[in-house]
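The values are calculated or read from the model by the stated rules, or taken from the named source; none is laboratory data. Being a predicted model, the structure only gives us computed values, none of them experimental. Glycine gets a Cβ as well: all are built from the backbone with ideal geometry, and neighbour counts include every protein chain shown. Ligands, DNA and RNA are stripped out before the accessible areas are found, and what is left, the full protein with its side chains, is counted by its heavy atoms. Shrake-Rupley method; radii C 1.70, N 1.55, O 1.52, S 1.80 Å.
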Amino acid sequence: MNGWIQAGTVDDLREGPKLIKGGIVVFYHEDEVHALDNRCPHLGFPLHMGSLCNGILTCHWHHARFDVCSGGTLDPWADDVPVHDITVQDGLIWVNPKSRNSNQVQLYKDRLLSGLEQNIGLVIAKAIVGLMEAGVPDTEIAAIGIEFGVKQRRQGWGSGLTILTAMANVLPKLDKQGRILALFQGLLHTARESAGSGTRFLLDPLPDAGVSEERLTGWYRDCIEVRDTRGAERVLLTAVQAAGTGKKRLFSMMSMAATDHFYINGGHTLDFHNKAFESLKYVGHEQHQYVLASLVPMFGNASRSEELHSWQSPVNLVQPIKEAFEELSRKGVSTGSGGNGIDDEALLQALLGDDPLRTVHMLKDALLGGASPVRISQIAALAAAERIVRFHMHNDFGDWISVLHTFTHAHAVHEG
Ligand code: FES
């Protein structure tokens, strides 16, 4: 019995549960001996102070119930309690200090999936801590949530997966507690967003993947244009499968469709595209088709800002922007990343001002003057960030969302 802990005799246990080393409690119940972790898995109340009746151990704090044989709970919000093997030799009871499920990594991965499926924060949090303690890399924990989210939400990619990917991106900059909190926030939002939603089943790619990239791009944009999400998904999956279609090419194809209309879905769509592509580095290659296909459903009822009244009145922004695009397309713009002598400060002030037509003209002139789109988008993101800094906290929440969305979109354009 090397390493096992002696827990006395059956007669000792008849008088009541016994606490032994390692925070383990040993019960005698219905002619059998059972050893369990003494901490209630819900919030840690000592289980030896609970009630044991008819095979069910009930914690006295919030009344979670556990099968005393397996440790399984009848109240999933409380989580299962670890159980320990026992043996009897020469009338003495011996308890294995290691709990019955020795494969802790698989146990916690299973628990994390259960927590995501049931949308139970406590189970998710404990699984994160358990996996980190077992040495599982943080990004592998995030990947479990990403794979879950892209398959278990019929509406596809949303803010939960965006938060999870953003949190995964900042993990290397955080200490241990920060990493736990970051993963928890990302995984919890993913679980909340998937709760009550159906599983997403992928369509098949087109049978013959010999279609050219240019044609697939055209088909994809055409499908998105008419909100045909199923057609778009088949074309996209064909492009993913096609040999030689790298991530850059896919990003270009999908971003074009996402920017064929103005400021789709209040700026979220482009940001979600970026985050989905960033998440690819965390999941296995076989998951890429699920991640990218999950972006398509959001186009089904996407709001296109040029159709909104607020973009046409009291100032009609749509026509001047379209005319600027046409002129830029005719004359061409730089593809470098330099500033080419643009007056950063003047442009920044114009972006923060309240004369949108002047802003359109300044941006167009800067681009025609040789400033790169990358540089211009960086200044736009800076201006959007400045608006957040200047935003007064007493303003209405709806106004705050406008400011936030502007930054989200401007930042996404620059990142793209
Ligand atoms: S601590 Fe046991 S049920 Fe809450």
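Tabulated data
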read-out	value
Solvent-accessible area, 1.4 Å probe, carbon plus sulfur percent, for the chain	52 percent
Cβ-placed point charges (K, R +1; D, E -1), dipole of segment 1-128 about Cα centre in debye, nearest 20	500 debye
Angle between the chain longest axis and helix 318-331 axis [Cα atoms, degrees, rounded to 10]	70 degrees
Leading residue at positive end of dipole, segment 104-194 (Cβ point charges), from Gly186, Val170, Gly158	Gly158
Cα-based helix-to-principal-axis angle, 176-194 vs the chain, degrees rounded to 10	80 degrees
About the Cα centre, charge dipole magnitude for segment 110-268 (Lys/Arg +1, Asp/Glu -1 at Cβ), debye	260 debye
Highest to lowest packing among 264-277, 106-119, scored as the average C-beta count within 10 Å	264-277, 106-119
Cβ charges +1 (Lys, Arg) and -1 (Asp, Glu), total dipole of the chain, debye	480 debye
Positive-end extreme of charge dipole, the chain - chosen from Leu107, Gln349, Val123 (charges on Cβ)	Gln349
Point-to-point label distance, Thr9-Ile388, nm (Cα→Cβ direction, 7 Å offset)	7.0 nm
Accessible area (Å², per residue) of the chain, counting only protein heavy atoms and a probe of 1.4 Å	51 Å²
Accessible area of Met167 in the full protein assembly, 1.4 Å probe (Å², nearest 10)	50 Å²
Isolated Cys in the chain, by beta carbon distance under 4.7 Å	Cys53, Cys69, Cys223
Leading residue at positive end of dipole, segment 5-99 (Cβ point charges), from Leu43, Thr9, Phe27	Leu43
